[in-house]
Amino acid sequence: VRGKSAWLAAILLCPVTSAPLVAAPAIEKSVVRIVNHAQRPSWYTPWGGGATQWTTGSGFVIEGGLIMTNAHVVSDSRFLALFLYGDPNPHEGRVVVEGHDCDLALIRPVEPKLLDGVPALPIGGLPSLRSMVETYGYPSGGDQISSTQGVVSRIDRQLYAHSAADGHLAVQTDAAINPGNSGGPVVQEGKIVGVAFQNNKAMESVGFFIPTEVIRHFLADAKDGTYDGYPDLAVRTASLENPAARRLAGMQEGESGVRVDWIAPDSSADGWLRTGDILLRIEGQPIANDGSVASGELRLPFGLLVDRRQIGEKLPARILREGTRKDLDIPLKGYPENLRYSNQYDRRPRYYVYAGLVFVPLDREMVKTFGDDWMSDANSELVYELLFRPQGEPALLKKERVVLLRRLDSPVNANIPFFKNILVDKVNGRTIDSLEDLVRAVEENRAPYHVFEFGYFGRVAVLDRAAADKANAQILKDYGVAKDRNL
Amino acid sequence: VRTLACLALSALATPALAAPAPRVSFESQVVVLVVTTQDYDEWRPWEKKTPETRTVQAVIVDGSLIATTADLVENATVIFVEKHGRPLREPARIVHVDADANLALLTVDKPGYFADLKPAVLAPSMPTEGQVSTVRWRSGQLEISASRISRIEVETSYLGSLEHASLIVETDLSGGGWSEPLFADGRLIGLTFAQDEKSATVTPVDILRAFLESARTPGGYREFANLDLSWEVNRDPALTRSLGLEGEPRGILVTRVPWGSSACGALLPRDILLGLDGHAIDAAGNYEHRRYGQLKFTQIVVDGHHAGDVIPGEVLRDGKKLPVKLTLRPARSAHDLVPVRTGGAAPPYVIEGGLVFRELDGEFLRTWGKDWEKKAPPFLMTSYDLFRTTQTPARRRVILLAYVLPSAYNLGYGNLETLPVERINGRDIDSIADVDEAFRHPEGDFHRIVFEANPVRAEVVLDAATLEKATQEILDEYQIPERRRLRETPLPDLGEACPDRPASPGPP
């Protein structure tokens, strides 16, 4: 595969014209070109190693002999080559920590003294709207460093495309986007104000960088060597712009807030908030009826205040419940159940193959086997079960749904009428709430048949157990499945 | 003039030997209908869309009756007949429609209109092979195109409800599918109702004859029966053995029995249906039709039967063979929780405080255009796919907040759309009439609209005291003549809920 530049790239190519800034040469020295030789597994052929490819991105040296970049620049890496400014030789790097929810990563060169003498870039604050920022990186179109300038045009919450399931603060500039800029520093007055990371194909001349509050959050979290991720209140709230809705909730004139509509089980909010509660304030800040809070010169979604906390900290909140106002200190947790909605990196797909039937968990990677338009192209039962059914039955988020992904054809399974992209409800009479449940239900069965019951349409498939057991090894061999499972 | 010459020939024609069919002139049997239709605007159901006029074919089937497919006269504002290819138009009126069978009968009230027309002779059955003629009027000329029988297949009708054997022909006629009659040996064998490139699907004479006979029945129209069963093929020996069936796989596996269906009360999920009305059903779900060969077994209940008939069947249930009796019930277009089509019925709706409520149905979903199945909101589409046929006594329709006509009164709700309503003011909502009624009973000072679980919003709250005034102002502002349209005909009574298996049998 011809190398591709990392796919969420950023930042306007706008050559620095007249007087270069004093700090510029020092900054260039600290910018690193990163070539990632990656191998990404296929969730359709989950037992395989996956295709290899290489991508290029950028990074920069920070304190502690580390290089900061985007998680998407280094994800699924098998070998990382680092190129320092003015040094034509590649140096091997290793990922120290990755935050896929915030698209940041730290790399350490294998050679201990490699970064000695390379200045670490200091980390600054949030740039003002309309102020100028400079970007540095190695975008496609050449091997030399490239520097650009742009205006800070918007500061808002954005979906982080790397995970596709997390939203955090991001800064928009009027920069054009060039693949390969990803992970490069965005600088103002000699200090880092962000990490270039993504664009928006629906908009022209728009690039986004990760602001320092997200960078600092990541660094604080990763200080102990492991990254735990963001805390998540894991609630859905509804705006209360309509005065009747506020009156019904018992809110006073001038009081504002949002109504809690849905709470994820075992989340930070579970046990502290109830559906129907009105969230009036968090962190002492009044929440407006549209769910925004004041933050300096900006109004931001209140969830960004939760973002500023770490897992294990407490979130001060004021609620209105059945006419009573209460102050709570909600202990914050992550919500790993949400990983099912994220793109997956640096992990092997989970699967189980038995008698040629390939079983996998229902998650975003599974439905992505239908392509990017999976929401309209995937079977309805998969989309409904993944996205919509938990809205009415939140407890489902504590369980794992299992899908019969496909069939490796063999005489023993050839007569099964339904054999792909179908939800497994029960196996041999046992309800299946995880891939492990399914394996046990198959392996512990002593009856003459395996009975698979599928969701929604009363469908059923049966295997002769003795024949299936007998054929199993040969099917694995014929189809080149080295291991029958990864649980 | 060709028409006159043909008429003359027709008059001279004599029956050909013993062959039952005379060489007839199609000119006196086939007529043109000029139909002006006007569909409802599904998003503004108080309005109708721009009228459309189209020219379709029809056939004389009785002294003074004209048959065509029902979908073509759906929502007709006016229908004219042209005979003998001449542009002289006479108004026609609909006498009888069976939307599920997709057939309509019309007549012309002008005395003597049918004097120079001649009913087509109905063939006793469809031919199963060979060449037939597709006939239509075009620019005053009779166009007779060769069509070749391709196959006979059991398909669902236009409304997506009635299943019956249809004839598939490969035709030389271009742009057909508009109720062109087909003839074999001078006898009518069916009317086209769809054409894709060169392949046309034909409502067969068997259905047409049964429709005509039933329409003429003095005691009232007897509806076609439909099985409405979810089932799967049963060709897996492991599956059939596990269910206790000896010998080769045969019969079909019943998977879901919808309420109100012919199977309701007689069949249970996990039954193997081995035979019906004396016909053995094979593992692929086919039976041997006396004339047409292998056909899908659902045809059995259409063939010579009507709704109300009781037919015997045989099932394998829990390892034992059992006789069953099925009381046949009509096709299900109105029996679905989310009907595919409504046959041109005026969409019921109600507007309260600018909130527009309507039923979820295929007519609404198709407003998302040609690729509506991909483009309609996934939340609606997945529900449609999964729960379309799962009407229950407690849940007969999905009522949507379709969208909001924004105003100061409904501030904050202006961007809500396509949310399914569960309760209003504490009352369960299962029809537009329920919505209308619920808004007459506010909860104290408020109206509370609670939605079924969805990814957007749980509830809408409105002020009760100002609802009337606000609604009137919104109706005026948006120029809406009527606040509500309730269902014109009530939903049919589908009887008791179907018994399910007592408990899951677990692994055999």
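Amide H contacts of A:R78 (H built 1.01 Å from N, in plane; Pro and chain starts excluded): A:H37, A:A38, A:Q39 sit under 5 Å, all sequence-distant by 5 or more or on other chains. Take the Cα radius of gyration of the stretch B:270-375 and divide it by 2.2 N^0.38 Å, N being the number of residues; the result is 1.55.
Across the options A:I282, A:L328, A:Y351, the greatest Cα extent toward the positive end of the charge dipole of the stretch A:257-357 (unit charges at beta carbon of Lys, Arg, Asp, Glu) belongs to A:Y351. A viscosity of 1.567 mPa s and a temperature of 4 °C, combined with the Kirkwood radius over C-alpha pairs in the Stokes-Einstein formula, give the protein assembly as shown a diffusion coefficient of 39 µm²/s.
With the simple spin-label model, which puts each label point 7 Å out from Cα in the Cβ direction, the A:R299 to A:A414 separation comes to 6.7 nm. Karplus-derived 3J(HN,Hα) values for the stretch B:121-138, using 6.51 cos²θ - 1.76 cosθ + 1.60 with θ = phi - 60°, are 8, 7, 5, x, 6, 6, x, 9, 7, x, 9, 10, 10, 9, 10, 8, 8, 8 Hz; glycine and proline are entered as x.
Considering all different alpha carbon pairs of the stretch A:257-333, the Kirkwood hydrodynamic radius works out to 12.6 Å. Taking other C-beta atoms within 10 Å as the exposure proxy, A:T135, B:T327 rank B:T327, A:T135 from fewest upward.
If you plug the beta carbon distance of B:E488 and A:V151 into 1/(1 + (r/R0)^6) with R0 = 51 Å, you get a FRET efficiency near 0.25. For the set B:K48/B:K110; B:K49/B:K375; A:K223/A:K333, the pairs lying more than 20 angstrom apart at their alpha carbons are B:K48/B:K110; B:K49/B:K375. Helix content alone sets the calculated 222 nm mean residue ellipticity of chain A: runs of n ≥ 4 DSSP H residues at -39500 (n - 2.57) each, divided across all residues, give -3500 deg cm²/dmol.
Tell me, Kirkwood radius of chain B from alpha-carbon pair distances, in Å?
So the Kirkwood estimate lands at 25.4 Å.
With R₀ fixed at 25 Å, the C-beta to C-beta distance from A:R348 to A:D87 puts the FRET efficiency at about 0.10.
Pair-distance distribution P(r) for the stretch A:68-123, from all Cα-Cα distances in 5 Å bins starting at 0: 4, 17, 27, 26, 18, 7, 1 percent. Relative intensity of the stretch A:155-217 on a log10 scale, I(q)/I(0) at q = 0.13, 0.18, 0.19, 0.24 Å⁻¹, equals -0.31, -0.60, -0.68, -1.09, per a Debye sum over C-alpha point scatterers of equal strength in the absence of solvent.
Taken along the Cα-to-beta-carbon direction at a fixed 7 Å, the label points for B:E213 and B:T466 span 6.6 nm.
Can you give me the relative contact order of the stretch B:152-192 as a percent, contacts being Cα pairs under 8 Å and 6 or more apart?
Numbers: 41 pairs, mean separation 10.4, N = 41.
Value for the stretch B:152-192: 25 percent.
Couplings 3J(HN,Hα) of the stretch A:115-125, computed from phi: 8, 4, x, 8, x, 7, 7, x, 9, x, x Hz, in residue order, whole Hz [Karplus 6.51 cos²θ - 1.76 cosθ + 1.60, θ = phi - 60°; x for Gly and Pro]. Less than 5 angstrom separates the built amide H of B:D309 from those of B:L328, all sequence-distant by 5 or more or on a different chain.
The B:K325 and B:D196 beta-carbon pair, evaluated with R₀ = 41 Å, returns a calculated FRET efficiency of approximately 0.55. Can you compute 3J(HN,Hα) from phi for each residue in the stretch B:367-372, using the Karplus curve 6.51 cos²θ - 1.76 cosθ + 1.60 with θ = phi - 60°, rounded to whole Hz and x for Gly and Pro? For the stretch B:367-372, the Karplus-derived couplings read 5, 7, x, 4, 9, 4 Hz, x marking Gly and Pro.
Report summary: the helix-based calculation at 222 nm, which adds -39500 (n - 2.57) for every DSSP H run with n ≥ 4 and divides by the residues of chain B, gives -3500 deg cm²/dmol.
Hey, could you get me the Stokes-Einstein D for the stretch B:47-112, Kirkwood radius over alpha-carbon pairs, 25 °C and 0.890 mPa s, rounded to whole µm² s⁻¹?
Result for D is 194 µm²/s.
Partner aspartates and glutamates whose Cα lies under 16 Å from the Cα of A:K113, excluding those fewer than 8 positions away in the same chain, are identified as A:E63, A:D87, A:E92. The stretch B:333-390 gives an Rg/Rh value of 0.98, both radii derived from C-alpha positions and Rh following Kirkwood. If the chain linking A:M132 and A:R216 were pulled fully straight, counting 0.36 nm for each residue of separation and taking away their Cα-Cα distance, it would gain 28.1 nm. Here the stretch B:394-430 is scanned for amide nitrogen atoms under 18 Å from the site 7 Å beyond the Cα of B:T367 along Cα-to-Cβ, giving B:398-407, B:414-421. Under the simplified labelling scheme, the A:S205-A:A26 pair shows an inter-label distance of 3.3 nm, with each label point 7 Å from Cα along Cα→Cβ.
Taken about its Cα centre, the protein assembly as shown carries a charge dipole of about 1200 debye when Lys and Arg each add +1 at the Cβ and Asp and Glu each add -1 at the Cβ.
Considering every pair of different Cα atoms, what Kirkwood radius, in Å, is found for the stretch B:427-496?
14.4 Å is the Kirkwood radius here.
Relative to its Kirkwood radius, the Cα radius of gyration of the stretch A:362-487 gives an Rg/Rh of 0.97. Annotation: Cα Rg of the stretch A:388-457 relative to the compact-globule expectation 2.2 N^0.38 Å equals 1.20. Under conditions of 4 °C and 1.567 mPa s, chain A yields 52 µm² s⁻¹ as its translational diffusion coefficient, taking Rh as the Kirkwood radius over Cα pairs in the Stokes-Einstein equation.
Counting beta carbons within 10 Å around each of B:F439, B:F297, B:F80 and listing the fewest first gives the order B:F80, B:F439, B:F297.
Coordinate-derived values only; no laboratory data. Not measured: the values here are computed from a predicted model. Using ideal geometry, Cβ is built from the backbone for each residue, glycine included, and neighbour counts are taken over all protein chains shown.
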